Amino acid sequence: QVQLVESGGGLVQAGGSLRLSCAASGRTFSMLSMGWFRQAPGKEREFVAAISWSGGSTYYADSVKGRITISRDNAKNTVYLQMNSLKPEDTAAYYCATGAWSRLRVGATDFGSWGQGTQVTVSS
């Protein structure tokens, strides 16, 4: 079983930047496709971005294209979410998860392996 730990969240003003990290353990990280998701209070979990196990393919939600970049460092067993030009609408708990690329690439959100989340709050 893979364990995922998110970090890097915090309070930032609109227009600012944050870099979230998801550290994985328990199995070979380089073999896992990864996704980032978010959930705001009272809202359903929303797909944000995904990256294939090799890092060669990425997919982004339309709402974050141009502002967010997903990347991974397999040597460090870590996937990153660089978020720029943050908006109050980006306020949410952010989670990472593992899943089949065939599902992540279409923005599926019903995965079984999740991290515990890191809170991002963007003030206006």
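Which of the residues spanning segment 55-72 are of a type in the set (Phe, Trp, Tyr) and over 17 Å from ARG38 (Cβ atoms)?
Step one: list which residues in segment 55-72 are of a type in the set (Phe, Trp, Tyr), which gives 59-60.
Within segment 55-72, none qualify.
Scanning segment 45-57 for residues that are assigned to a strand (DSSP E or B) and open to solvent by less than 30 Å² (accessible area, probe 1.4 Å), which turns out nearest to PRO88 (Cα to Cα)? Spell out the reasoning first.
We begin by selecting, within segment 45-57, every residue assigned to a strand (DSSP E or B); these are 46-51.
Right, trim to open to solvent by less than 30 Å² (accessible area, probe 1.4 Å) and you get 47-51.
Details: PHE47: 17, VAL48: 15, ALA49: 18, ALA50: 22, ILE51: 25 Å.
Selected residue: VAL48.
Quick grid of which residues meet (1) of a type in the set (A, V, I, L, M, F, W, C); (2) assigned to a loop (DSSP other than H, G, I, E, B):
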position: TYR59; (1), (2): no, no
position: ARG103; (1), (2): no, no
position: GLY107; (1), (2): no, yes
position: PHE111; (1), (2): yes, yes
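Yes/no per residue for (1) modelled with pLDDT under 90; (2) within 11 Å of the chain's Cα centre (by Cα); (3) not basic (Lys, Arg):
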| site | (1), (2), (3) |
| --- | --- |
| VAL12 | no, no, yes |
| VAL48 | no, yes, yes |
| SER57 | no, no, yes |
| ASN74 | yes, no, yes |
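Within segment 32-44, can one find any residue that is farther than 22 Å from ALA108 by Cα, surrounded by 12 or more Cβ atoms within 10 Å (Cβ to Cβ) and not hydrophobic (A, V, I, L, M, F, W, C)? It would help to see each step written out before you state the result.
Taking segment 32-44 first, the residues farther than 22 Å from ALA108 by Cα are none.
No, segment 32-44 contains no residue that is farther than 22 Å from ALA108 by Cα, surrounded by 12 or more Cβ atoms within 10 Å (Cβ to Cβ) and not hydrophobic (A, V, I, L, M, F, W, C).
State all residues of segment 90-119 that are in contact with a strand residue (DSSP E or B) (Cβ under 6 Å, 6 or more places away or on another chain) and open to solvent by 30 Å² or more (accessible area, probe 1.4 Å); if no residue qualifies, say none.
THR91, TYR95, ARG105, THR109, SER113, TRP114, GLN119
Between a residue in segment 74-85 that is in a helix (DSSP H, G or I) and any residue that is not aliphatic (A, V, I, L, M), which pairs come within a Cβ distance under 8 Å, given they are 6 or more apart or on different chains?
ASN74/PHE29; ASN74/SER30; ASN74/GLY55
The values are calculated or read from the model by the stated rules, or taken from the named source; none is laboratory data. As the structure is a prediction and not an experimental result, all values here were calculated from the model. So basically every Cβ, Gly included, is an ideal-geometry build from the backbone, and we count neighbours across all protein chains shown. Heavy atoms of the whole protein, side chains included, go into the accessibility calculation; ligands, DNA and RNA do not. Shrake-Rupley method; radii C 1.70, N 1.55, O 1.52, S 1.80 Å.
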